[in-house]
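The values are calculated or read from the model by the stated rules, or taken from the named source; none is laboratory data. Keep in mind it's a predicted model, so treat the numbers as computed, not measured. Backbone-built Cβ (ideal geometry, glycine too); neighbour counts: all protein chains shown. We work out accessible area using only protein heavy atoms, side chains counted, and drop any ligands, DNA or RNA first. Shrake-Rupley method; radii C 1.70, N 1.55, O 1.52, S 1.80 Å.
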Amino acid sequence: MAGLYCSWSGGKDCAAALHEVWRREDPALLLTMLTEDGERSRSHGLHRDVLVRQAEAIGVPIRFAASSWSEYAQALLGLVRGAAQDGFTTGVFGDLDVEGHREWQQRLAREAGTTALLPLWKRDTTGHARSVVDQGFRAMIVAVKDKMVPLDLLGRVMDEQVVAELQAAGVDPSGEYGEFHTVVVDGPLFGRPLVLEQGERTLRSGMWFLDVR
């Protein structure tokens, strides 16, 4: 049976996209890109073990590839090709609005012999942020862009108040342009919640990252 692979950052958008299209009786697979040392996710800075725990809570396997940014596209292509060889023929991506991302994802999926599916595409970003909350996803903010997003939002779980504070700060409440990133710790996909401890805050490449374990 054909299955879904999901480009998995660990954040709210990929989780919402997978929830939108996945029937639990069908096979699904999470794919995540890591930093060169294989210890953290390339985009959100999450520890590998947090991502593994997410997959376990959802009840699906997860596969990783470690890469530098310069080799990212080729490494991800290899990951998707491996998924395709195992019968995962449709890729789920959580983008809402960046046309260049959509075109690249479609091209990547096609080159691997699969099809790209973007179930959230062109959703209103404010409506989407509220929908994530309303559906019961608990998404903790783990990275914020320095001098753009209020630092006191780091570590907060998204709710109506956080959405309002993001809007008041002039920040897209879905963070579609990389203003902030989240880690999903519970929601309709999860068989059990994740309990994460908050650690130190670190400024890297213009983003404040919260270490969670």
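Observations on the structure shown:
- Qualifying positions in segment 65-88 - in contact with a Gly (Cβ under 7 Å, 6 or more places away or on another chain) and surrounded by 14 or more Cβ atoms within 10 Å (Cβ to Cβ): A65, A66, V80, A84, F88
- Here V185 fulfils each of the conditions (1) outside any loop (DSSP other than H, G, I, E, B); (2) more than 26 Å from V60 (Cβ to Cβ); (3) not aromatic (F, W, Y) apart from (2).
- Residue ID - surrounded by the fewest Cβ atoms within 10 Å (Cβ to Cβ), chosen from residues in segment 170-195 that are among the hydrophobic types (A, V, I, L, M, F, W, C) and closer than 15 Å to T125 by Cα: V171
- So K145, is it basic (K, R), without any contact (Cβ under 8 Å) to a residue 60 or more places away in the chain and open to solvent by 50 Å² or more (accessible area, probe 1.4 Å): no
- In summary, H19 fulfils each of the numbered conditions (1) within 15 Å of the chain's Cα centre (by Cα); (2) without any contact (Cβ under 8 Å) to a residue 40 or more places away in the chain; (3) in a helix (DSSP H, G or I) with the single exception of condition (2).
- Of the criteria (1) open to solvent by less than 70 Å² (accessible area, probe 1.4 Å); (2) out of contact with any helix residue (DSSP H, G or I) (no Cβ under 6 Å at 6 or more places or on another chain); (3) free of Cβ contacts under 8 Å to residues at least 60 places away in the same chain, which one A112 fails: (2)
- Considering segment 1-16, the residues that are aliphatic (A, V, I, L, M) and not in a helix (DSSP H, G or I) include one that is most open to solvent (accessible area, probe 1.4 Å), namely M1.
- Filtering segment 97-109 to residues that are over 20 Å from G175 (Cα atoms) and open to solvent by 30 Å² or more (accessible area, probe 1.4 Å) leaves Q106, R107.
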